[in-house]
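Step one of this worksheet: look at the structure below.
The numbers here are math on the coordinates, done by the rules we state, and not lab data. Bear in mind the structure is a predicted one, so any value in this text is a computation, not a measurement.
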Amino acid sequence: MIVQAVQDIQRQRLSCEELAEKAVKMVLAMAEELAHDGFNADMQRRITTFSEELKTILTSILPYTQYNWHRHLWERASVRDTISQGVVRLDECARNFQILGMLDLHKMLESAAKTRQDTNNYQQAILGHQKDIATTMQSVEKVVREMSLVVQPVIEEVIAPVPAHANTAF
């Protein structure tokens, strides 16, 4: 019984070390992501959420570090459960961090797609206006030609050569 209790305490110590190692690996992965993607509001939100969860896990495990070996012996089931809960919470936190990252990426892609669509819409509108302008110019040219056909004979009459006797004085 005592040997088993000592082994349980040793396993719990290893579990705590594994939990801490897992947390460190996650922090290093976040640091890599920060180096690659930069720090923005979405990343800050994700890191804050992760940090709060780590604090909660630490707060739940910290009291057990103050126990002497007698108390560890009597409360080893409670310690084991707390460590197990910490591992589960850390795993959930890692999943949430990744999910939030994917949602942020989705929002960014959606925004880029909307921007691309808006650009296409503007280009189509410009092309539509260019067609309208070209059509209007063609209409103006046609009206000018028609007007010149009507006005030309009038201009020829006004500018027509003046008869020779018109230059004589009265």
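Quick notes on this one:
- Listed by chain and number, the lysines whose alpha-carbon sits under 17 Å from that of K142, ignoring those within fewer than 8 places in the same chain, are K131.
- Gain in span if fully extended, L105 to K55, counting 0.36 nm per residue against the direct Cα distance: 15.3 nm
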